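Working notes, beginning with the structure itself.
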Amino acid sequence: MDNTETKGRNGKRKWVITAAVVFVVIIFLLTFFSNTIMNYSLPKVSSQYPSWAIISTSNKSTGTIEASVIEEVKAFDSRKVTGVYVYEYNMVTAGDVLMTLEPAVESDELKMLQDQLEEIELRRYYEGKLPVNKPDYTYMEEAIAEALTVYNQSKVDLSNSKNKSSIITTAQNTISESNALIITLTAEIDSLADIKTSLEIELVAAEEALAAVPEGDDDSAEQAEVDRLTAEIATVDTQQSAKATQVVTEQDKITAAEAILDETEAFLPVADAEKALKRAEKSLSDARKALSDQKKIDAVEAEKAKRARQEEDELIEELKTKIKGLESVMNITEIKAPISGLPVGFTYSPGDEIAKDQVLGRIIDPTGGYWADFIFTAQQARGIYPGMNLQVNQYDAQRVTVTKIRPNPSDPRNSRIVSTYVEGENLWAGNPIEVSFDDYNQQFECVVPNSAIHEDGSGTFVYLLTRKSGPLGERYVVNKVTVSILATDGKKSALDPTPIQGREIIIRSEKPIKDGDQVRLEYIQQEA
């Protein structure tokens, strides 16, 4: 290869390198100037870190004056008003006539109660004419007795089935033994008959010998012989009778044993006898349970009937009391003040209709005192304590003293209800009252200018500044964070530091910004 070709190739390589460098420089310049132009189009903002600071605040709250002792005046009946003798906040004494009413001619409520009472008493009258039948368990007890008989027989039948062979053997042995004994007894009876015949012959001879003795002679020997033979014959008769009875007994044994043998032919197999016993046992159990259940049901029904009767007795007494009360009310034409005090809310005029239990107005006892509840934030309430006097306009009250502090049920975490006792000469229940108290030299760790705080439909928030590094420098992005204001004095506010965590807060912006916007940081100025 010659020098000319080598030079040509080197020249081309230098040209390519130069072009690449120029291209990179141009891209860098374009990127730099585009970023610079874009940065100048971003909203300018100022930011600062939250600081420790002291805030002095005046905390205010508005409540409503309420009377401690208020008595409602209600209509005792539905009537027409004929006269009104009460005026708003014009002092009345207990027993004063406030309103007069037309007398009652009839009462729908009284008629309804009387009809209800009459219906109950009439039903009871007819119930008293009906026969009273106590529960009868005869048929159930008979069923139990029958089931028990079947059960006992089933037990015998099972025992017989299990012992059939033994029963047959016993019966056969009885027959054999009784037959043998009857043979023996029969032979003995025959032997006794022979003895008796011989004795009877001897007796005849002895009686003839006795008769042959001449009158006046000693016949004691002959008489003794007759007596002996007579006694022996009687003994033989007794023995014959006893043995005859024994023969009959043995014959009865044979008859009974033969009957048993006949019965064994009808004995059930053991398995069938066991099933029959189980059925009988179940039937007996069911019969006993039926009786027990029925007695329980009857006891419950009796208790319910007793309770219903008691409740009806109470209802009768209640109806009688109400009827008596309504009858006495019909003669009343005046509504009187239940307590002494200031009447409020009596707006009726003659001719107006009022309904029973309708609230006609209220009477406030001014000697009972007044109170009011106020709502403060949990942070504000930290500076309040029972016994503390809150500041108040002298025209509203002379003194407002804290009596109790409790969580607000609608927001127990962030809000407190402060109850107070209100004193003054011109207090009117229902009027608003505003109180306040000052917090001096309270130090907070997260204080920012009020310009940093914004509000929208979602609540109170600030914008935090987030710094992001890149090849062309730092970029700045805003993040929206919801916050809680702990205190404010008009220029600066103390925030709950938890969601901020010591980060920079945007205190002002030349244009509106929103969450996620990129901004241009013009300068940092610490204002609070």
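The values are calculated or read from the model by the stated rules, or taken from the named source; none is laboratory data. Given the structure is predicted, the values throughout are model-derived calculations rather than measurements. Cβ sites come from the backbone with ideal geometry, for glycine too, and all protein chains shown count toward neighbours.
Pairing each residue of region 203-219 that is assigned to a loop (DSSP other than H, G, I, E, B) with any residue that is of a type in the set (Val, Ile, Thr) and surrounded by 10 or more Cβ atoms within 10 Å (Cβ to Cβ), provided the two are 6+ apart or on different chains, yields C-beta distances under 8 Å for Asp219/Val213.
For Leu268, the criteria (1) at pLDDT below 90; (2) outside any loop (DSSP other than H, G, I, E, B); (3) not hydroxyl-bearing (Ser, Thr, Tyr) hold in every case but one, which is (2). For region 420-429, the count of residues that are touching a helix residue (DSSP H, G or I) at 6+ places or on another chain (Cβ under 8 Å), touching a residue at least 24 places away in the same chain (Cβ under 8 Å) and part of a strand (DSSP E or B) is zero. If the condition is being over 46 Å from the mean Cα position of the chain (by Cα) and under 29 Å from Glu423 (Cα atoms), then region 60-93 contributes Val86, Tyr87, Glu88, Tyr89, Asn90, Met91, Val92, Thr93. Taken together, the residues in region 372-404 that are within 18 Å of Glu66 (Cα to Cα) and buried (at least 18 other Cβ atoms within 10 Å of the Cβ) amount to 8.
Among the strands (runs of 3 or more DSSP E) confined to region 43-124, the ones with at least 3 residues that are of a type outside the set (S, T, N, Q) and either surrounded by 14 or more Cβ atoms within 10 Å (Cβ to Cβ) or without any contact (Cβ under 8 Å) to a residue 60 or more places away in the chain (or both) are located at 51-64, 70-74, 79-84, 97-101. How many of the residues making up region 130-161 are loosely packed, with under 11 Cβ neighbours inside 10 Å and either touching a Phe, Trp or Tyr at 6+ places or on another chain (Cβ under 8 Å) or not in a helix (DSSP H, G or I) (or both)? Result for region 130-161: 6. You will find that of Gly345, Gly351, the residue that is surrounded by fewer than 11 Cβ atoms within 10 Å (Cβ to Cβ), within 30 Å of Lys74 (Cβ to Cβ) and over 34 Å from the mean Cα position of the chain (by Cα) is Gly351 and no other. In summary, Glu127 fulfils each of the numbered conditions (1) surrounded by 11 or more Cβ atoms within 10 Å (Cβ to Cβ); (2) over 30 Å from Ser415 (Cα atoms); (3) within 47 Å of the chain's Cα centre (by Cα) with the single exception of condition (1). Listed by first and then second residue, the pairs with beta-carbon distance under 7 Å, at least 6 apart or on different chains, first residue in region 182-197 and touching a residue at least 12 places away in the same chain (Cβ under 8 Å) and part of a helix (DSSP H, G or I), second surrounded by 12 or more Cβ atoms within 10 Å (Cβ to Cβ) and small (Gly, Ala, Ser), are Ile189/Ala244.
Among the residues of region 395-419, those identified as in a strand (DSSP E or B) and not hydroxyl-bearing (Ser, Thr, Tyr) are Arg399, Val400, Val402, Lys404, Ile405, Arg406, Pro407, Arg416, Ile417, Val418. In this structure, does Ala257 turn out to be closer than 27 Å to Ala273 by Cβ and in contact (Cβ under 8 Å) with a residue 40 or more places away in the chain? Yes.
Taking the conditions (1) modelled with pLDDT of 85 or more; (2) exposed (fewer than 15 other Cβ atoms within 10 Å of the Cβ); (3) touching a strand residue (DSSP E or B) at 6+ places or on another chain (Cβ under 7 Å); (4) more than 30 Å from Ile70 (Cβ to Cβ) in turn, Val481 satisfies each one other than (2). Which condition breaks for Glu207 when tested against (1) of a type in the set (Asp, Glu); (2) surrounded by 13 or more Cβ atoms within 10 Å (Cβ to Cβ); (3) closer than 29 Å to Ile297 by Cα? So the condition that Glu207 fails would be (3).
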